[in-house]
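A.B. asks: Handing you a structure now.
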Amino acid sequence: MQLTVQIESYPLRNPFSTAALTIDSVDVVVVTLEQDDVSGKGEAAGVYYKNETPTQMVEQIVDVRSRIMRNPSRDVLRKLLPPGGARNALDCALWDLEAKQAHCAVWKLAGLQEPRKLMTLFTCGAADPKEMARVARSYGARAIKIKLLGDSRDADRVRSVREAVPEAWLIVDANQGLTKQAFDALLPVLVEARVGLLEQPFPVTEDRLLEGIQSPIPLVADESAQCLQDLPDTVGRFEFVNIKLDKCGGLTEGLAMVSRARELGLKTYVGNMFGTSLAMAPGFILGQICDVVELDGPVFLGRDRDIPVQYRDGYIYCPEQVWGGPRNNGLEDRLA
């Protein structure tokens, strides 16, 4: 077996802002595993608030290269690396390689039904309210995610987007940016705007503030739900958990998180940390068994993979040729 790893950079069409950062490009790590002229690939952007960098992820992968080549097992990988981008890239490359070697698509290997198109959220980065309204209209989406900054203009952001897309399903993401006072003041605005979900209102260190809150809008754990072991602590505080493969360390752990979340009475949401279609494809597989899907990363890029995921009428579909498929025949159009 051969393992190669490289860093690729993708400029964004426009700068993107949240309560935590503003970015104008995305650097991703791509792992390729090759054995007997069959290759599998995986991509990861890492987790910015855990200070993961492409260079650091490459170093992690190089450190375990020899052990993975001797024993290319996803279970072994979970013991070698912690949750995060490096493990995600390797895990997804192992899934892709296994699918091609077995002549069997990843969804079959995972014991799932044949993938269907999924309604996906499209994200409006935090900006001037009028600009966010323009972006929301431009998507032609059925579901919109609104990023907030935790400042005095958040209410206007929500109202502007709602006015721009009166029929869309809305969710709001605070990215840990609200205080309890700001949360209490904003909640009536969210209710009036018919917001369906509120994601990560408070910093992880202040999750205790959620205990006893009777929010009319279901709450989503994002930064508070990094991996499998975090799920029990979200019970009683959140109703949904946002599973991102870069956070949890790959499709293997993502599938385990969905199963455990169901046991705990939690609903599931698959998100992304930006990336190309190669990164969205494993999330699309996981999305088949999730309640909410947000796989819009490539929409923000100036360029994408030669074979991309397909977006149409607010839905995403991922042809098997993008990732995780056993063959290389012509593209299927499953969004028609």
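Yes or no, residue by residue, for (1) in the same structural domain as Thr276 (by TED's automatic domain parsing); (2) modelled with pLDDT of 95 or more; (3) of a type in the set (D, E, K, R); (4) in contact with a Cys (Cβ under 7 Å, 6 or more places away or on another chain):
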residue	(1), (2), (3), (4)
Leu80	no, yes, no, no
Ala93	no, yes, no, no
Lys100	no, yes, yes, no
Cys104	no, yes, no, no
Phe122	yes, yes, no, no
Ala126	yes, no, no, no
Glu131	yes, yes, yes, no
Val135	yes, yes, no, yes
Ile144	yes, yes, no, yes
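A.B. asks: With the checklist (1) closer than 23 Å to Gln321 by Cα; (2) within 18 Å of the chain's Cα centre (by Cα) in hand, flag the one item Ala19 doesn't pass.
C.D. replies: If we test Ala19 against (1) closer than 23 Å to Gln321 by Cα; (2) within 18 Å of the chain's Cα centre (by Cα), just (1) comes out false.
A.B. asks: Also: Filter segment 223-259 for residues that are surrounded by fewer than 24 Cβ atoms within 10 Å (Cβ to Cβ) and β-branched (Val, Ile, Thr) and give the result.
C.D. replies: The answer is Thr234, Val235, Thr252, Val258.
A.B. asks: Would you please list the contacts, defined by Cβ atoms under 8 Å and residues six or more apart or on different chains, that run from a residue in segment 128-146 that is among the aromatic types (Phe, Trp, Tyr) to a residue that is outside any helix (DSSP H, G or I) and buried (at least 16 other Cβ atoms within 10 Å of the Cβ)?
C.D. replies: Tyr139/Phe122; Tyr139/Gly314
A.B. asks: For residues in segment 110-134 being closer than 19 Å to Leu12 by Cα and within 20 Å of the chain's Cα centre (by Cα), which is surrounded by the fewest Cβ atoms within 10 Å (Cβ to Cβ)?
C.D. replies: Among residues in segment 110-134 that are closer than 19 Å to Leu12 by Cα and within 20 Å of the chain's Cα centre (by Cα), the one surrounded by the fewest Cβ atoms within 10 Å (Cβ to Cβ) is Gly125.
A.B. asks: Can you list the helices (runs of 4 or more DSSP H) found entirely within segment 1-109 that contain at least 1 residues being out of contact with any Phe, Trp or Tyr (no Cβ under 9 Å at 6 or more places or on another chain), free of Cβ contacts under 8 Å to residues at least 24 places away in the same chain and surrounded by fewer than 14 Cβ atoms within 10 Å (Cβ to Cβ)?
C.D. replies: Output list reads 54-70, 74-80.
Residue-wise test of (1) touching a residue at least 40 places away in the same chain (Cβ under 8 Å); (2) assigned to a helix (DSSP H, G or I); (3) within 24 Å of Tyr315 (Cα to Cα).
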residue	(1), (2), (3)
Asp233	no, yes, no
Val241	no, no, yes
Gly275	yes, no, yes
Leu278	yes, yes, yes
Pro282	yes, yes, yes
Cys290	yes, no, yes
Val299	yes, yes, yes
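A.B. asks: Could I ask something else about it? Go through segment 42-55 residue by residue and tally those that are over 18 Å from the mean Cα position of the chain (by Cα) and closer than 16 Å to Glu320 by Cβ.
C.D. replies: Final tally of qualifying residues: 0.
The values are calculated or read from the model by the stated rules, or taken from the named source; none is laboratory data. Here the structure is a predicted model, which is why all the values come from computation and not from measurement. As a convention, Cβ positions derive from the backbone with ideal geometry for all residues, glycine included, and neighbour counts pool all protein chains shown.
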